[in-house]
Every structure is written in structure tokens, then in C-alpha cells.
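Let me begin by presenting the structure, written as C-alpha cells, before commenting on it.
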């Protein structure tokens, strides 16, 4: 197991955003986390990336208890995330966005007060390699605010890839994308998942059914079901709260 | 950096008075220290008078009360300012946005009133006197500090040394990390930057630079007025950096030059010169939000692109 969470709880005042979730994530597999809006998917992700601390419970990554560590420690342990709503350095170039992420994870470069940035040329090379993986290398010197939406989504992934994380958390990577862009993104994610453990939050259930090894279903902050896509498809509870809703509307 | 060096080296030959060029040099350095935090890291402090003043009083008290040499006094001034910045920084970076600004303002006013009360050390409202340095001697060299040109270039040497160190830092990966914090703090944290540590280091370096400006100003004036610590002095740094261009290297010096020139010219005409400074400042912020130098540099970059 690369990651396991044990009785994870997150409360805001009296509101329980995530209640008592226990799950294990095998190394090398892709797990999709699905659930209707407000099911606690984003809260779960914020907990796993260290952005917020749990009210109770433990997070074990590669055998070490990392519960309650500051967020930058999560990143340095090898957990990277992308955001549902694009969250980049808008006035910097695509290249600089990824280079900064590489720098943050390089112990020799991140606190360097003395050498010129070009002294750490290895970081720039790694950054370009990440850009190439998502197909953004030709656009490396464009300011983020001038990139198209789909390109910004791809850059989110490139930034997350910067430190070659062992655990990659992707929060609705296809949010707001056209069907064509969505297909490209899912192909990219499938490629990335061959080399590392991926956790994917996705609203559109159809997308993940063919892609994920395992699926967790969250509903009202609780873990409703977990299993292979076939098991989830056959689960009566899931059909009632999720698939039924999907049939009548989007999904 | 080479532009700044050239401009400041030529300043005494173009400025209308020797006093004005020294003021541009020293207040420019003060605004540069402030700009490090505001323009590069995105933290708006309203309390930088504390570090300017700590440098001035640190150096002044060492000279006047303890008979320390001028060179040592500068070091002491810078050290005192750095320590104070570590203290104020550690407290204030816990809050963000306008709260950060208010905490720095409040703590700086605390320092002001403390200095106001400690009359034995600081001279209270009469200011600190008795620190006249007329001859600078360091080993075999001795210079006449009363000669305006010699004085300017001695101060210039110190300012250049500080600016050189700063430009190293800004061009180094740490400078990039500061920009990352300015551009998007939450993303910087998610990438793996220790945002608090970056802010604290930037805060302390900023305090050191302002402390050097203060120490040199004490040497230059031979007196430390209590106003050095007053919140209006903090406001000077904010105005100069904004006028010239926050987040640019030369901007604070341009801002200091404009501000001090306006003061020089309008104070000859009217005692209400601050009214004109206010109007010009407002117009500049409205029509040149990137500051004079920031706007010029922006034009140049767009024409080249």
C-alpha cells in the first residue's frame, strides 16, 4: 500500500464534510473517487494533499504517519496535486510555473540565495521534460494568463509532475473541457498512470469506468462503496444514489 | 543593477543640490528594502520606519554613548534592525492582507513610543545628538566626511554593496520563490515551498537593508530625529516604491528622486507642499499603476517584443 487513510474525519463547526473514511490505495493502481456534488470529494483531496488537517484520523503514506504535517512536507514526501479550478502562477510563463515546482522540491536549489537561477539548469531541463509530456513544450514561454483553458488544465498536470511524485492527485482534470480536449486529457492520464499511483476525482462517472482499476464512491461525506468498476456498476446502493441520478440527467 | 549603479554614480553631477542627491541615495535604499517585501514578496508593510529607525538609533547610540567607531556603528545599526525585523516579522507574517499591514503598523508605533520614552538612550523628542563623525578612518585610509563629494561616494559604496547582494538574491532561486509567494501563495505551498520561512527571510533581509539606510542616514545627519521612527516615515517608503515602480530594481530610487524633488521645489513656494505631493501621488497611482519606472520598462519590453 502506498497510502492508507484510517477513520478520517473533517468537521467544520457542526458540519461534517467527511465522516470516518477508511481506505487503502495499492501502489501503481489508479483509483477514481466519484460521488455527487457535495459528497466530500474535494475535502478528501485537500486532506490527502495536506492543504487542510483532519479533525480526526490518520494518513499513512509509504509507511509513515504524515497526519498534521504542513502542506509543503506532503509535497516533499512525493504527493502532488492538481486543482479543479486552475490554480497556477498567472503572470509567469508556462515554463517558469513548472520550473518553480521543480525548484520547490530540490533541496539544493530552493533556498539558494547566491547563485544565478541558470546555475541550476537541471531544473529548467526537468521542467521542459514535464511540459513535453503534456504537449505544452512549444508554448513554454507563453504567460499562463494567455494560455487557452485546455492548455492551462494541461499545465496543471505538468506542474504536478514536476518532482516526479509517487502519488499524483488529480482533481477533476477535465473540468470545463470540450469533448475533444477531454479525450486527450484522459489519454494523457492513462499514460501517466502506467508509471505511478494516481488518484482521480471525477464528476463524470462514464469517463472513469473504463480507466480506473478501483473506484471509491463518496456520498454525504461517507464512503458508500469501493471496488472494481464492475463491482461498483453492480452495487445496488450506488445505482440508487448515483447511477439513477446519472440516467435522468448528466453523467 | 548596472543601470542603478550608473544612475547613482552620476547623481551628484545632475542633482540640483548635494543634500538632495544624498537623500535620494539613502531614501532610495530605504524604499528598496521596503520594495523587497512589497514588490517582490507581495507583503505590504506599514511599519518599515521601525527598521530605518532601528538602524539609525542603533548606529547613533553606538557612536554617541559607547564611542564605537563609525564602521562598527553601521554594523551595529544593521544588526539591531535585523533583530527587530526577525521579531516583528515572526509575529506579523502570521496574518495576511490588510491585517498584516495593520500588525506591522501597530508594532512599529510601539517601537516609536518606546524610543520616545527612553530619553536617556534616545534623547526622546529632542532626538539623539552628539554623533558627529568628521573623519572616516579605516586602517591606513582616512577620509574627510565633511567634504560633500567624499561623503556622497562613501555612502554610495555602502549602498552599492547592499544592492549587489540584493541583486544576487533576486536573481537566485530564492528570488523566484519570493515571486511565487507573491503570485499565488496557496500554489507555492502546494508545490512544496515553505511559504512562512520564505516570508520571514524576505522580511529580515528587508529589515537589514532598511537598517543600513537608517545607519547611513544617522552618519549623514549627525543626529537622529525621533520622526525617523514615526509612521510617516513608513509612508514615505510606500509612496516612493509605488511612485517609482514596485517590484522593479531601479523603481524605488526613481520614486525617491521624484518625491524629494517635488518636496524641494514646492516647499520653496508654499508650506503646504504635501498637498501637491498628495495630488501627484494620486495621479501617478491612477494613471501609472506600475509606477514611473515600471511603466517605462513595460513600454520598452512591449516595443521590443
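Every number in this text was worked out from the coordinates using simple rules, so none of it is lab data. What you see is a predicted model, and the numbers here were worked out from it, not measured in a lab. Please note: Cβ atoms are built from the backbone with ideal geometry, for glycine as well, and neighbour counts cover all protein chains shown.
Brief remarks follow.
- Between the stretch B:158-233 and the stretch A:189-230, the Cα center-to-center distance that results, in Å: 47
- Average other protein chain Cβ within 10 Å of Cβ, residues A:104-110: 5
- With neighbour counts taken as other beta-carbon atoms within 10 Å, the residues B:104, A:43, A:236 rank, fewest first, as A:236, A:43, B:104.
- In degrees, nearest ten, helix A:121-133 long axis to first principal axis of chain A (Cα): 40
- Mean per-residue shielding of peptide A:77-90 is 2, counting Cβ atoms of other chains within 10 Å of each Cβ.
- Residue-averaged [θ]222 nm for chain B, counting only DSSP H segments that reach four residues, each worth -39500 (n - 2.57): -24500 deg cm²/dmol
- Measuring between their Cα centroids, the stretch A:150-188 and the stretch B:28-99 lie 45 Å from each other.
- On Cα atoms only, tilt of A:94-104 relative to the major axis of chain A in degrees: 80
- Coarse-grained scattering of the stretch A:88-164 at q = 0.18 Å⁻¹, given as base-10 log I(q)/I(0) from a Debye sum over alpha-carbon atoms: -0.63
- P(r) for the stretch A:1-68, from all Cα pairs and a bin width of 10 Å, is 21, 56, 22, 2 %, short bins first.
- Each helix, a run of at least 4 DSSP H residues, gives -39500 (n - 2.57); summed and divided by the residues of chain A, these come to -9500 deg cm²/dmol at 222 nm.
- Entry note: the stretch B:120-273 has Rg to Rh equal to 1.03, where both radii use alpha-carbon atoms and Rh is the Kirkwood radius.
- P(r) weight above 19 Å for the stretch B:106-209, C-alpha pairs, percent: 67
- With the biggest extent put first, the Cα atoms of the protein assembly as shown measure 91, 52, 48 Å across the principal axes.
- Neighbouring partner chain Cβ atoms per residue of A:115-128, average, 10 Å criterion: 2
- Exposure proxy for A:215, A:66: other Cβ atoms within 10 Å of each Cβ, ordered fewest to most, give A:66, A:215.
- Relative exposure of B:99, B:231, B:153, judged by other C-beta atoms within 10 Å (fewest first): B:99, B:153, B:231
- Helix A:179-193 axis, angle to chain A major axis (alpha carbon atoms, nearest 10°): 80
- Averaging 1/r across all pairs of distinct Cα atoms in the stretch A:104-216 and inverting the result yields a Kirkwood radius of 15.5 Å.
- Taking every DSSP beta bridge that has both ends in the protein assembly as shown, the antiparallel portion is near 60%.
- Spatial offset of the stretch B:282-303 relative to the stretch A:101-138 amounts to 31 Å, using the alpha carbon center of each.
- Scattering profile of the stretch B:2-230 at q = 0.14 Å⁻¹ [log10 I(q)/I(0), Debye over alpha-carbon scatterers]: -0.87
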